Structure formats: C-alpha cells, structure tokens
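The values are calculated or read from the model by the stated rules, or taken from the named source; none is laboratory data. Source: prediction; values computed, not measured. Cβ placement follows ideal geometry from the backbone for every residue including glycine, while neighbour counts extend to all protein chains displayed. These area figures cover heavy atoms from the full protein model, side chains too; ligands, DNA and RNA do not enter into them. Shrake-Rupley method; radii C 1.70, N 1.55, O 1.52, S 1.80 Å.
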Amino acid sequence: MDLTKEEQSILDGEFGEGAQKAIELIVALGKIYGADGLVDITSAHLSGASYKTIGDGGLLYLEDMVNGGAKVTVPSTLNPVGMDRKRWNEMHIKDDFAEKQIRIIDLYGKMGIQTTCSCTPYDGVNVPKLGDHVAWAESSALSYVNSFIGARTNREGGPGALAAAILGKTANYGLHLKENRAPTVVIDADIPDTLFSHSLLGQAVGSVIGGGIPYYRGIKPGMEEGKTMAAAMAAAGAVAMFHVEGVTPEWKDFDVSELEVVHIGKKELDDAYDKLNTADDVQLIAIGCPHLTEKEMHEIASLLKGRKKRRTDVEIWFCTSERVRSKCPEDVRIMEEFGPVLADTCMVVSPIEGTFSRTATNSCKAGNYLPTLCSQKVMCKDIAELLKVVE
Ligand code: F3S
C-alpha cells in the first residue's frame, strides 16, 4: 500500500496514539482487501452505540479511546442506541442499563461525534454528495447512500468507521472504486406499489442473490421505499448497494445487457412473507425500521386519526430521529394516542427481550433480526394490517 509522507508519520506515532491506532486498523484492512492507498472521506456514520450490543467491553474500549484523546476529524453521526434518552422509562429500561447507555452516548460526544442516534442520518443531518468517499457503518444507511446518493462506502463495522472518522481517511478498495459498483444481476420486479411490498422485495432479492449489486427494473422507489429495500436486502443478503433504472444516480453508468435477469413477483414476495411470520398474536408492535421520515409520520398519523386502540395488552412504539420527532408535533400528538414516538432508538437495539417475546413490525430487516438478536417470534405485515391487531 502506498502511504503519503504524512500518513507514514501518523503510522509512526508522530500525531499521537489515537491517530496511530486508527491508521493501523485502516492500513490492516486495506492490506487484507488489496487497497492501493488511503482516500480522504467527507463523513462517517458509526454503529456500535447500544449498550445492549457493545456491553461493558465496548464501554471500556470507548473510555480508553477518550482517555487517549481520540477525536474525529470529519463530520460523524451515531446509530440508534438502546433507549430513548429522555423517555427510557416508557421502554421498560432498567436504571443500570440507562446509566451505562448515557455514558456511552457521552463518550461518543467527547470524541466530537454528533450524537443524533439515528439510522437515517442522510435524512437531513449527515448528507453526503454524489461521488463523496465516506465511511459508514449501519447496513441500511450505507446501502442507501451508496445507491440513492452515489456516495462511496464499504460495509464498515463500528471500529473501522470510528478509525476512519478519527483519521479522516479510509482504505481505497471495494465500493470506493467505480469499477466495483457495477451491477451483477438484473431484477425484473413486478410488485404492488406499497411500502411493505418494497420491504418484501428487498427481503426476497437479498435471499435469492446473497450479496452482489442488483439492478432493478419495474419500480420507482422514493426515499421511504428505498430505505426499506436497502434495510431488507442488507439483512437478508448483505447487499451494500443497488441500482434502480431511471431513479438512482449511477444507473446509466454500466452496461447490463449481458447480465442474468431474475424475476421477482407475487410468489417470491409470498415466500418471503411466510418465512418471516412466526407469531399469530403479539405483545409489541414496533414501527420505524429504518427510522420514520416526516412523510411516514404524516401518513401514519392520517391512518390513525379518529381510530381507537382497544387492546391494552399490546404496546405500540414508533421509532424515529429526534429531528423528525421535533418537526411533526401534530403527528406525534395523534400517534401518541396509540403509543410513544421514540427517538434515538429502535426495537432491535433495545433490550426488548426482557419484556416481550412476540413482536410485530412492518420492516423485513427487523423481521430478520428480532428472532436472532431479541429472541422474538415475529409478525411482519403492512402497517394497516398491524393496526387491526389492536382495534
Ligand atoms: Fe435502524 Fe434499528 Fe432498523 S438501527 S434499520 S431501526 S434495526
């Protein structure tokens, strides 16, 4: 790997221990993946923020980083944490968990990271531009910015994204190189134009292709459909990027005429649905994976207006960013007749398994992770169908 003089000095420890540790990790990753050098990044998005997922070991690691003077050098944001930092008592969170979670958020803040705690930072907070090199963790968000914005990031893990944020650089390999962003399969999609169908489409495609870069025909997703597809494909098949004909910024840049074409229609969506649904009744309905946008908040509030939640044995949580929650007070008022509108958190990274064992969601990403990360049986349906459970 070719390093500049300055990069070599950082590696030699001349810029302090924090920067040295960061470049050691980035260079090691670069060597594994055959990078020719490092590339400057314009932003980072970090995962590994919930106390549930990083535990005491992660907390100690972050304390070490802060004590060593680690600071990020590019705008950086943070993924959801294990609780709404203001309303955690409404989520059955224990005091000890809350205290440690707040410490984790504060430690990230001390490193200069914006502690907005959302998986949709591209929605008005951390918005890369076409062609920007970035280092993003959070599988749905990184796929969204690769695909819908045309920024360039690999599937970073938490430590890799943090190291890149400190260094302001990452290793130049994988999706940072234009030639690696070419589609590998054409998806001929024939689905209803609903949000949930796009989530099922992502699930079906992720399961069928397992990696690779799909090129979609037959759909015209906006941000909401795009983020739910990105999330489902990432969970079901580790897909980090996709193109949509006529929609995403790089769709015209590659020749797809020789690629295999896979048809995804009703049968594939039905199969995906059947695999995800394992519960007939639930204790929690959690909506907002990835975090709800303003448009989704308006749509949900319109759907709920004038209706009543009759079942008291089922809780409903709506998950969004603090930015969106603060911008939609009237929607929040209507939605909170049904359940709390939570910021900073989600049903997967929160320790819900201490309270619930059967959870409903309208997100196939959550449908994949709730059984494995939260020991839940799952109901995965369209929001309108989920609401029938509590009426
Ligand atoms: Fe976001 Fe949590 Fe889903 S981090 S993408 S709401 S699993």
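How large is the helix-only mean residue ellipticity at 222 nm for the chain, computed as the sum of -39500 (n - 2.57) over DSSP H runs with n ≥ 4, divided by its residue count, in deg cm²/dmol to the nearest 500? Numbers along the way, then the final one.
Values: 14 runs with 155 residues, N = 391.
Per the formula, -12000 deg cm²/dmol.
Assuming 0.36 nm per residue, please report the length gained on full extension of the stretch Glu385 to Glu90 beyond their Cα-Cα distance. List each step's numbers first, then the result.
Numbers: separation 295, 0.36 × 295 = 106.20 nm, distance 2.46 nm.
Separation in residues times 0.36 nm, less the Cα-Cα distance, equals 103.7 nm.
In whole Å, what is the distance between the alpha-carbon centres of the range 56-102 and the range 141-188?
25 Å
So with the 1.4 Å probe, I'd like the accessible area per residue for the chain, rounded to whole Å².
On the way: 15670 Å² over 391 residues.
That works out to 40 Å² per residue.
For the range 154-244, take the alpha-carbon Rg, divide it by the Kirkwood Rh, and send me Rg/Rh.
Numbers: Rg = 14.4 Å, Rh = 14.0 Å.
Over the Cα atoms of the range 154-244, Rg/Rh equals 1.03.
With the full set of protein chains in place, find how many percent of the accessible area of the chain is carbon and sulfur; take the probe as 1.4 Å. Numbers along the way, then the final one.
Numbers: 7860 of 15670 Å².
Carbon with sulfur: 50 percent of the solvent-accessible area.
State, to one decimal in nm, how far the label point of Glu179 lies from the label point of Glu299, with both points 7 Å from Cα in the Cβ direction.
Label at Glu179, label at Glu299, 4.0 nm between them.
Please give the FRET efficiency for Leu259 paired with Met1, using the beta carbon to beta carbon distance and R0 = 41 Å, rounded to the nearest 0.05. Before the final figure, lay out each step's value.
Values: r = 32 Å, r/R0 = 0.78.
The calculated FRET efficiency here is 0.80.
Restricting to the chain, compute how many DSSP beta bridges are antiparallel as a %, nearest 5. If you can, show how the numbers build up before the last one.
Values: 3 of 35 bridges.
Here the antiparallel bridges make up roughly 10 percent for the chain.
Can you tell me the order of 314-327, 180-193, 251-264 when each peptide is scored by its average per-residue count of other Cβ atoms within 10 angstrom, highest first? Before the final figure, lay out the partial values.
Numbers: 314-327: 22.3, 180-193: 17.1, 251-264: 13.1.
Result, highest mean Cβ count within 10 Å first: 314-327, 180-193, 251-264.
Across 20 Å bins from 0, what is the distribution of all Cα-Cα pair distances for the chain, in whole percents?
29, 57, 14, 0
Which helices, counted as full DSSP H runs in the chain, have an axial Cα extent of no less than 18 Å and a Kyte-Doolittle average of -1.0 or above? Could you put the intermediate results ahead of the total?
Working: long enough: 17-33 (24 Å, 0.61); 51-67 (23 Å, -0.02); 95-110 (22 Å, -0.60); 195-209 (21 Å, 1.27); 223-237 (20 Å, 0.27).
Result, helices passing both filters: 17-33, 51-67, 95-110, 195-209, 223-237.
May I ask you to list the aspartates and glutamates whose Cα is less than 19 Å away from that of Lys267, ignoring any residue fewer than eight positions away on the same chain?
Counting by Cα, and skipping residues close in sequence, Lys267 has these aspartates and glutamates nearby: Asp188, Asp190, Asp193, Asp382.
Checking the cross-link filter: which lysines have an alpha carbon closer than 17 Å to that of Lys365, excluding same-chain neighbours under 8 positions apart?
Within the straight-line limit of under 17 Å, Lys365 reaches these lysines: Lys227, Lys275, Lys377, Lys381.
Using packing as a proxy for protection, rank 357-367, 221-231, 333-343, 289-299 so that the peptide with the highest average count of other Cβ atoms within 10 Å comes first. List each step's numbers first, then the result.
Values: 357-367: 26.8, 221-231: 24.4, 333-343: 19.7, 289-299: 21.9.
Peptide ranking by packing, descending: 357-367, 221-231, 289-299, 333-343.
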